[in-house]
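Accompanying notes for the structure given below.
Nothing in this text is a laboratory measurement; each read-out follows from the coordinates by a stated rule. Treat the numbers as computed from the prediction; the structure is a model and nothing was measured. So basically every Cβ, Gly included, is an ideal-geometry build from the backbone, and we count neighbours across all protein chains shown.
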Amino acid sequence: MTNWMVAGNWKMNTTSSEAIALAQSVRDATPRLSEGEIVLAPPFTVLSSVNEIVKGSHIKLAAQNIFYEDKGAYTGEISPAMLKDVGCTYVIIGHSERRKYFHETDETVNLKVKKGLGSGLKCIICVGETEEEREKGVMEFVVGIQIKKAMSGIEALDNVVIAYEPVWAIGTGKNATSAEAEEMHHFIRNVLGETYGDVVNKVRILYGGSVTPENIGELIGMKNINGALVGGASLKSETFIGIIKRMTEKR
């Protein structure tokens, strides 16, 4: 698959000035692309500022979360219309940190996916197992349930990207081996194929979890790994660009 993606999730980092500087640096250093896609997901407070930097370039803007209602008395939440208004094309849904710290469930993830897709946003849906679940050998059961529930009632995969992020590898310096990641990506594609058939071969499945320029090459050399959801390494333009360059070399 040539339509790869590298998405940078800035999480709760960057002030306005820091975000502008980082976005400009990424934009200016990114090589010309004949294929693939680059996505930046800054905090809500700087979405508009970053959009002004990347607008008209090959870089797309993503939000880190969304609410499943259009408007109303939901203090602290943000709607699809608000995200589109500031230039978002994508939204990340179901990140493990949202599940862990804010008690998001498979059911609320599904509501957000439905609302995002129904509002014209493209969704990067995150799934993954904890270290305990992997040690118990139930990682496929856990991830399979997450996929099936997230996609319940979704008729098409056109605007869906899946990000497999083993929870034990996020921000820990650990990462799945290329064989472990490929095995799970293959499993995810098969689970989706049960519902959506051969069209699943066109769906991008990203790996997330302590991705660096040093380990991305082997990971994206695998058949079913179509890119990366990058956390900490996306906060420095040189490492993020390093990942992108390795991606273009491999593809």
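Restricting region 38-139 to GluC sites (Glu not before Pro) that sit in a DSSP loop and have at most 11 other Cβ atoms within 10 Å of their own Cβ leaves nothing.
For the chain, the alpha-carbon coordinates run over 46, 45, 33 Å along the three principal axes, in decreasing order.
Estimated at 0.36 nm per residue, the fully extended path between M12 and F44 surpasses their Cα-Cα distance by 10.6 nm. Dividing the summed helix terms, -39500 (n - 2.57) for each DSSP H run of n ≥ 4, by the number of residues in the chain produces a 222 nm estimate of -12500 deg cm²/dmol to the nearest 500. Taking 7 Å steps out from each Cα toward its Cβ at R32 and D198 produces label points 3.5 nm apart.
For region 125-170 versus region 84-119, the inter-centroid distance based on Cα atoms is 14 Å. The alpha-carbon atoms of region 1-137, seen along their principal axes, cover 43, 41, 28 angstrom, with the largest extent given first.
Projection of the Cα convex hull of region 168-208, averaged over all directions and equal to a quarter of that hull's surface, yields 3.1 nm².
Note on K71 and E52: the model spin-label points, each 7 Å out from Cα along the C-beta direction, lie 2.5 nm apart.
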